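Asks: Quick one: this structure, given as structure tokens, is what I'll be asking you about.
The values are calculated or read from the model by the stated rules, or taken from the named source; none is laboratory data. Because the structure is a prediction, the values reported are computed rather than measured. Methodologically, a virtual Cβ is constructed for each residue, glycine included, from the backbone with ideal geometry; neighbour enumeration extends over all protein chains shown. For accessibility, only protein heavy atoms count, side chains too; no ligands or nucleic acids. Shrake-Rupley method; radii C 1.70, N 1.55, O 1.52, S 1.80 Å.
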Amino acid sequence: KTNGSFDETTALDPVEGFLQRLPLKFHTADLYALSSEGHYLRVYTDKGSPLILMRISDAVKELAQTDGLQVHRSWWVSRSSVVETRRKNGQRFLLLKDGTTAPVSRSFLPSLKSAGLDR
């Protein structure tokens, strides 16, 4: 800090700001996805998957200006983390870089298609 009134969080992009909620080792992680687990949020990164106390709806609002999208009522994914789209018994799933499989609900299928992820 060069100026005592400078707030470091104003210089962060939304993903960097979100990662500040996690333990220090995750502050520079690549964010892959979020999933709701009761009152908690599982945060999938390239450095592990910690749990934080936060609602998925609040996280989705905070990450609205990022290159990610909500694909299920309990899942948000970063577009860059998607390796492929899979179909099984009429259900779609996204395979992520870390091997995680995120479900896609029918109601979020249009946003998946508009993001170019329904291959």
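Asks: Report every pair of residues separated by at least 6 positions or lying on different chains whose Cβ atoms are under 6 Å apart, first residue within segment 55-70 and more than 18 Å from ASP30 (Cα to Cα), second open to solvent by 30 Å² or more (accessible area, probe 1.4 Å).
Replies: ILE56/SER36
Asks: A further question follows. Can you find a residue that is among the aliphatic types (A, V, I, L, M), open to solvent by 50 Å² or more (accessible area, probe 1.4 Å) and over 16 Å from LEU22 (Cα atoms) anywhere in segment 44-55? Show your work before the answer.
Replies: Our first condition is that a residue be among the aliphatic types (A, V, I, L, M); within segment 44-55, this holds for 51-54.
Subsequent filtering for residues that are open to solvent by 50 Å² or more (accessible area, probe 1.4 Å) retains 51, 53.
Restricting the remaining residues to those that are over 16 Å from LEU22 (Cα atoms) gives none.
No: zero hits.
Asks: Can you go through THR66, THR9 and tell me which one is modelled with pLDDT under 95 and either surrounded by 14 or more Cβ atoms within 10 Å (Cβ to Cβ) or touching a strand residue (DSSP E or B) at 6+ places or on another chain (Cβ under 6 Å) (or both)? Before the answer, list the steps.
Replies: Working: THR9 fails: either surrounded by 14 or more Cβ atoms within 10 Å (Cβ to Cβ) or touching a strand residue (DSSP E or B) at 6+ places or on another chain (Cβ under 6 Å) (or both).
Sole residue among the options that is modelled with pLDDT under 95 and either surrounded by 14 or more Cβ atoms within 10 Å (Cβ to Cβ) or touching a strand residue (DSSP E or B) at 6+ places or on another chain (Cβ under 6 Å) (or both): THR66.
Asks: Tally up the residues in segment 30-49 that are in a loop (DSSP other than H, G, I, E, B), touching a Lys or Arg at 6+ places or on another chain (Cβ under 8 Å) and more than 13 Å from SER78 (Cα to Cα), please.
Replies: The total comes to 3.
Asks: Right, another one. Name every residue in segment 69-85 that is open to solvent by less than 60 Å² (accessible area, probe 1.4 Å) and either within 11 Å of the chain's Cα centre (by Cα) or closer than 23 Å to LEU19 by Cβ (or both), in order of residue number.
Replies: Here is the first cut: in segment 69-85, the residues open to solvent by less than 60 Å² (accessible area, probe 1.4 Å) are 69-72, 74-78, 81-82, 85.
Residues satisfying the conditions are LEU69, GLN70, VAL71, HIS72, SER74, TRP75, TRP76, VAL77, SER78, SER81, VAL82.
Asks: Quick check on segment 86-106: of everything there that is modelled with pLDDT under 95 and not in a loop (DSSP other than H, G, I, E, B), which residue is surrounded by the most Cβ atoms within 10 Å (Cβ to Cβ)?
Replies: ARG92
Asks: Would you mention how many residues in segment 24-42 are under 17 Å from ASP13 (Cβ atoms) and in contact (Cβ under 8 Å) with a residue 24 or more places away in the chain?
Replies: Going through segment 24-42, the residues under 17 Å from ASP13 (Cβ atoms) turn out to be 26-32, 34.
Right, trim to in contact (Cβ under 8 Å) with a residue 24 or more places away in the chain and you get 26, 30-32, 34.
Within segment 24-42, residues that are under 17 Å from ASP13 (Cβ atoms) and in contact (Cβ under 8 Å) with a residue 24 or more places away in the chain number 5.
Asks: Related question: Exactly one condition in (1) open to solvent by less than 70 Å² (accessible area, probe 1.4 Å); (2) touching a Pro at 6+ places or on another chain (Cβ under 8 Å) is false for HIS27; which is it?
Replies: (2)
Asks: Kindly evaluate SER36 against the criterion of being within 9 Å of the chain's Cα centre (by Cα) and among the hydroxyl-bearing types (Ser, Thr, Tyr). Steps first, answer last, please.
Replies: Details: within 9 Å of the chain's Cα centre (by Cα): no; among the hydroxyl-bearing types (Ser, Thr, Tyr): yes.
Judged against the criteria, SER36 is not a match.
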